[in-house]
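Worksheet: the structure to be examined is printed underneath.
The values are calculated or read from the model by the stated rules, or taken from the named source; none is laboratory data. A quick note: this is a predicted structure, and the numbers were derived from the prediction, not measured. Heads up, the Cβs are rebuilt from the backbone with ideal geometry, glycines too, and the neighbour counts pull from every protein chain shown.
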Amino acid sequence: MPRGDGRLSHDLLPGEKGPQDACGVFGVWAPGEEVAKLTYFGLYALQHRGQESAGIAVSNGSQILVFKDMGLVSQVFDETSLGSLTGHIAVGHARYSTTGASVWENAQPTFRATAHGSIALGHNGNLVNTAELAGMVADLPQTPGRTTRVAATNDTDLITALLAGQTAPDGTPLSVEQAAHQVLPKIKGAFSLVYMDEHTLYAARDPQGIRPLVLGRLERGWVVASESAALDICGASFVREIEPGELIAIDEQGLRTSRFAEARPKGCVFEYVYLARPDTDIAGRNVYLSRVEMGRRLAKEAPVDADLVIPTPESGTPAAVGYAEASGIPYGSGLVKNSYVGRTFIQPSQTIRQLGIRLKLNPLKEVIRGKRLVVVDDSIVRGNTQRALVRMLREAGAAEVHVRISSPPVKWPCFFGIDFATRAELIANGMSVEEIGVSLGADSLAYISLDAMVEATTIAKPNLCRACFDGEYPMDLPDPELLGKQLLEVELAGGADAADALRRP
Ligand code: SF4
């Protein structure tokens, strides 16, 4: 399926895959408000985090209704569908798949019946003990009218099944809130969860706080969202982050907070480099300012004689602003982006495909001709896009093309919700910086250092995950065969239920 909003600079070539975001979540508890519409606009602000499917679940206090489908938020919902979702609690999700295929069954919020009602849940992140959790689901007691079978093939459905199916030692079904304290400590990996039963909105964040999750206040209620930018769009004021290892519950008694694990913060540094919106704040630091500072530091570490600094729009823009400022080289727009090309669901024909990068970017020849350019981008994954870009700029008359990257070489895969290419496909795996520069056809290539990138975030290095850059993973990982996007599909292909199939002896 073609990607959504065309925001990514990494996948400029049709069919080329770069780092993909891994979902946006949103939740609201607000009696008297149009919670489905608030959620729609919240998801709209989080669309960059996932463009494969979108869904909203709403509770009116006696039942939960879920509406979800493949596509962008604006394609999935209209006035009629939103109008049918009435209630005072809502949970929304925009998905990019990291465990489980991009199919309707895996769209979120996931839904399960419980002994007391039902639960709807949205998840941003990716788990690393999926096989173990599948075994735990298989061990759940069978209850008439409720299934523990795993129909979907994503890790999220396992969490939902576990929360829905917990019992006390005497067999009495636990409430969703009680179940959370049994289940959440057993989940390993990245999870920012927003979920609800008929009466209560819940939000929980993994002990490392790898993906962001924030709490906001409405005049008549509460909002939780992946990014603070989603609070702004629905008129909520920022209250605070959900703490790593914290569970909050919101109902008519107010907001309750509890801890299911000690906080061991390891926020994803790539959120600051590329993933989050520039108008989002994470851990008290604005993302745009971090990116500008990365550009400044990059200019100091890797100066070059040049006439013009241009960004790869749009993710390279703040770093290019910082590079120009620190280097004294003028900043300009050398590339015009077609903002709408990624919104088509029509596969490009072979003729169009051959145009490659021009489908998304067109050079401003009058600006570029005869100039020695510094081209600033946020990261290089496979390098195909940057290679095409360098060629295009030369064809447009650039005298020199110097590529500067505001993150270090990506050498390791991410298991926490960002779908990079496989390790073998990463251009920095096995090639020196000089060799990569030659491969791109650039006059020079330089990356920012790891320490300079980290310093630009103002977050202490030990509190950040940098694993895709330095290979230091923030938690133990299981054997490679128990990791991977298609883990549950592989098992299901044999006709088995995923939970049974992955049950360990
Ligand atoms: S491996 Fe990279 S992308 Fe993944 S969580 Fe860590 S820093 Fe973020």
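Some points to look at:
- Of the residues making up the range 448-458, just one is more than 12 Å from the ligand (Cβ to nearest atom) and more than 17 Å from Ala302 (Cα to Cα), namely Thr458.
- Filter result for Ala398 (away from the ligand (no atom under 16 Å from the Cβ), more than 28 Å from Phe191 (Cα to Cα), touching a strand residue (DSSP E or B) at 6+ places or on another chain (Cβ under 8 Å) and in contact (Cβ under 8 Å) with a residue 12 or more places away in the chain): yes
- Inside the range 422-447, residues that are within 15 Å of the ligand (Cβ to nearest atom) and surrounded by fewer than 19 Cβ atoms within 10 Å (Cβ to Cβ) make up a count of 3.
- Restricting the first member to the range 268-288 and to residues that are without any contact (Cβ under 8 Å) to a residue 12 or more places away in the chain and over 21 Å from Leu450 (Cβ atoms), and the second to residues that are among the charged types (D, E, K, R) and within 14 Å of the ligand (Cβ to nearest atom), no beta-carbon pair is closer than 7 Å while six or more apart or on different chains.
- Hits in the range 456-470 (condition: free of Cβ contacts under 8 Å to residues at least 40 places away in the same chain and either of a type in the set (A, V, I, L, M) or not in a helix (DSSP H, G or I) (or both)): Ala460
- Exclusive hit being surrounded by fewer than 17 Cβ atoms within 10 Å (Cβ to Cβ) and either in contact (Cβ under 8 Å) with a residue 12 or more places away in the chain or under 22 Å from the mean Cα position of the chain (by Cα) (or both), set Val292, Val239, Val224: Val239
- Of the set (1) crowded, with 24+ Cβ neighbours inside 10 Å; (2) out of contact with any Asp or Glu (no Cβ under 7 Å at 6 or more places or on another chain); (3) modelled with pLDDT under 95, all apply to Gln386 but (2).
- Considering residues of the range 286-312 that are in a helix (DSSP H, G or I) and of a type in the set (Asp, Glu) only, the residue farthest from Thr457 (Cα to Cα): Glu301
- Residues that are of a type in the set (Gly, Ala, Ser) and touching a Gly at 6+ places or on another chain (Cβ under 9 Å) within the range 170-203 comprise Ala179, Gly189, Ala190, Ser192, Ala203, listed in sequence order.
- Arg423 vs. criteria in contact with a helix residue (DSSP H, G or I) (Cβ under 9 Å, 6 or more places away or on another chain), over 27 Å from Leu361 (Cα atoms) and modelled with pLDDT under 90: no
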